[in-house]
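Structure, as structure tokens:
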Amino acid sequence: MPTLILADFSKTLTAPTSKTTWSLFKESGLFPADYAAKRDEFFETYRPLELEGDNAMVSEWFGKHLDLLVEYWASGKMADVVHSSLDNETLLPREGLEEFLAYVKDSGTALRIVSSGISELIQKFLALHGAKLSIGFPEKTSSGIYANDLVLHDGTRNVRTPADKLYATASLIDGFDRVVVLGDAPEDFAVPGVRYVEGGKVRGYSLTDETIVPGVAFLGKDASLTDLIDRIA
């Protein structure tokens, strides 16, 4: 079975200064004032509830924002949003991203992006840097993106908040002999029943200012993704 890299997206595969995928639509200037006003209204209503840990309301917030993006035809503007974000330096690749993605492809490693961001935007961004990832996992050990989808699947929309820890589901790592978890927040490492020990099946690498989970190796907030290649190759 191939190796799996289970990676967060924002501030993990992107630069530490990059903004979240949710904020980029307003920042791009490609959407009308009505969109920005409704988006800001949602933020003012739901952000305090997110800080209180009310995950049900955060899920409602994400769902409403996704519906709003569909209303303003965000799917048709996704590539323009990504290019605008690169130009404005609001979404930049982490140093070493293209080398990292090339390593993943050449080594036959599976890469699964697990994020509370927008699937289609993540997909477009990674495509610009050499990776063609599907949304979802068409095969048991395939690469793919597991995040919030604009497109409906079987009449429903996937909504995944940070607190859901859906990317901790055992099925995401089932079938792999070796798993590398890469992230910058505690929830990125919430794989139940797993201890992060060097040499074990699952290894965790943190991209923050400190080691945030026992046994997770600290790479550093400004680390290059080539540092990770050196660790796992």
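Sort SER119, SER28, SER59 so the one with the fewest other Cβ atoms within 10 Å of its own Cβ comes first.
Details: SER119 25, SER28 20, SER59 17.
By the 10 Å Cβ count, ascending, the order reads SER59, SER28, SER119.
Residue-wise, which Karplus ³J(HN,Hα) couplings in Hz belong to the range 74-89, taking 6.51 cos²θ - 1.76 cosθ + 1.60, θ = phi - 60°, and x for glycine or proline?
5, 4, x, 10, 4, 5, 5, 5, 5, 5, 4, 5, 5, 5, 7, 6
Output needed: percent of Cα pairs per 5 Å distance bin for the chain, bins running from 0 to the one holding the longest distance.
Spelled out bin by bin, the chain gives 1, 7, 14, 19, 20, 17, 12, 7, 3, 1, 0 percent.
Are any of the pairs LYS26/LYS132; LYS105/LYS140; LYS26/LYS140; LYS140/LYS201 more than 29 Å apart by Cα-Cα distance, and if so, which? Write out the running numbers ahead of the final one.
On the way: LYS26/LYS132 26 Å; LYS105/LYS140 17 Å; LYS26/LYS140 36 Å; LYS140/LYS201 18 Å.
Beyond 29 Å between Cα atoms: LYS26/LYS140.
Compute from the Cα atoms of the range 21-88 the Rg and the Dmax, the latter being the longest Cα-Cα distance, and quote both in angstrom.
In Å, with Rg to one decimal and Dmax whole: 12.6, 35.
Within 9 Å, Cβ to Cβ, of VAL202, how many net charges do the neighbouring residues add up to if Lys/Arg are +1 and Asp/Glu are -1? List each step's numbers first, then the result.
Working: positive: ARG178, ARG195, LYS201, ARG203; negative: none.
Counting the neighbours of VAL202, the net charge comes to +4.
Using only Cα atoms and rounding to the nearest 10 degrees, what angle (0 to 90) does helix 119-128 make with the longest principal axis of the chain?
On a 0 to 90 degree scale, this one is about 60.
List the lysines whose Cα sits under 19 Å from the Cα of LYS221, skipping any in the same chain fewer than 8 residues away.
LYS11, LYS19
Please list, in chain and number order, the residues 5+ apart from VAL181 or on another chain whose amide H is under 5 Å from its amide H, with Hs placed from the backbone.
LEU6, ARG203, GLY204, TYR205
Rule-based calculations on the coordinates, nothing more; no lab input. Because the structure is predicted, anything quoted here is derived from the model rather than measured. Note that we place each Cβ from the backbone using ideal geometry, even for glycine, and neighbour counts take in every protein chain shown.
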